[in-house]
1. Taking amide H positions as placed in the peptide plane 1.01 Å from N, state which residues far from residue 123 in sequence (5 or more) or on other chains have amide H under 5 Å from it.
2. Find the percent of Cα-Cα distances in the range 94-224 that exceed 25 Å, and round it to a whole number.
3. Give me the net charge for the shell around residue 156: Cβ to Cβ below 11 angstrom, other residues only, Lys and Arg +1, Asp and Glu -1.
4. Heavy atoms of the protein only, probe of 1.4 Å, neighbouring chains included. What is the accessible area of residue 101 in Å², nearest 10?
5. Counting only protein heavy atoms and a 1.4 Å probe, tell me what percentage of the range 134-211's accessible area is made up of carbon and sulfur.
6. Would you mind calculating the relative contact order of the range 141-199 from Cα pairs under 8 angstrom and at least 6 residues apart, reporting the percent as a whole number?
7. Filter 27/58; 69/103; 49/73; 11/108; 27/103; 35/58 down to the pairs with a C-alpha to C-alpha distance above 26 Å, please.
8. Tell me the per residue accessible area of the range 123-175 using a 1.4 Å probe; a whole number in Å² is fine.
Amino acid sequence: MPQVRQSLESKYSFAIETHDPNLSVAKGAAIFGWKLALEGEIIDIINEKMEDEDTEDKPFSEYSEEDKKEATKELIVRGGTLGPMHGKAIDLIETAIQNITAKSFGIKLLDENMEEKVLNLITVDDEIPLEIIRTFPTAYENQQGVELVCYENTQRVGPDDEMIELDSSIEVGRATLEFAQVLPQGSEVEITFSLSEDGLLRVFGKDLTTGSEIEASFQTESILSKEIFEEIAEERKLLKVQ
């Protein structure tokens, strides 16, 4: 990015050599694709020797290291995708390529001053897939439910840090958890955020008093209107941070 080059040149006073970023993306995708192809061939070889076992849809990570090493040796003998670059291929297979999230995802809460803030449960650069579970108390007496309003932002602030302002985040979706009965202030609600490798954010809410549950899936590009946001906020269906 031009601003990165400019910032580095300004700070360190020397010229920065840059390359086409699209080539870096393409090379990374090609390497990752090759790794998946190699893993697929190794799985096929292992499964050939495990005919009596149910290995359907079993991911590469769940096979034993010994089985993978033996299958890799067999793949070298056969040639396959390894070709003449089997040394680099083996290094690639043994390298863990992790997906990470480029954004943080959080939920709207009330802070100690009863002001609306966002607490990130998933943070920029977290490895995915992942699942985060936290418990929060209801904010008011005689609550009939809570509105789980989810946000995304680029703040590197996690669940154990300070909450951030609403205007620094973008709403991605909401779901209403209706209680089976009216609950007192401070009743515990368990919130689960899970982010899959395809970028789908799933939010699960459970009232630990009555067992009421709600589950929803959000695409990060879906943003509700400001009018809907203000209408639901007036209903005071909020949780409060401890």
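The values are calculated or read from the model by the stated rules, or taken from the named source; none is laboratory data. The shown structure was predicted, so the numbers you read here are calculated from the model rather than taken from an experiment. Positions of Cβ are generated from backbone atoms using ideal geometry, with glycine treated the same way; all protein chains shown enter the neighbour counts. The accessibility values were calculated without ligands, DNA or RNA, using every heavy atom of the protein model including side chains. Shrake-Rupley method; radii C 1.70, N 1.55, O 1.52, S 1.80 Å.
1. Result for residue 123 returns 105.
2. Every Cα pair in the range 94-224 considered, those over 25 Å come to 24 percent.
3. Result for the neighbourhood of residue 156: -2.
4. 10
5. 40
6. 49 percent.
7. Beyond 26 Å between Cα atoms: 27/58; 69/103; 11/108.
8. Per-residue accessible area for the range 123-175 comes out at 48 Å².
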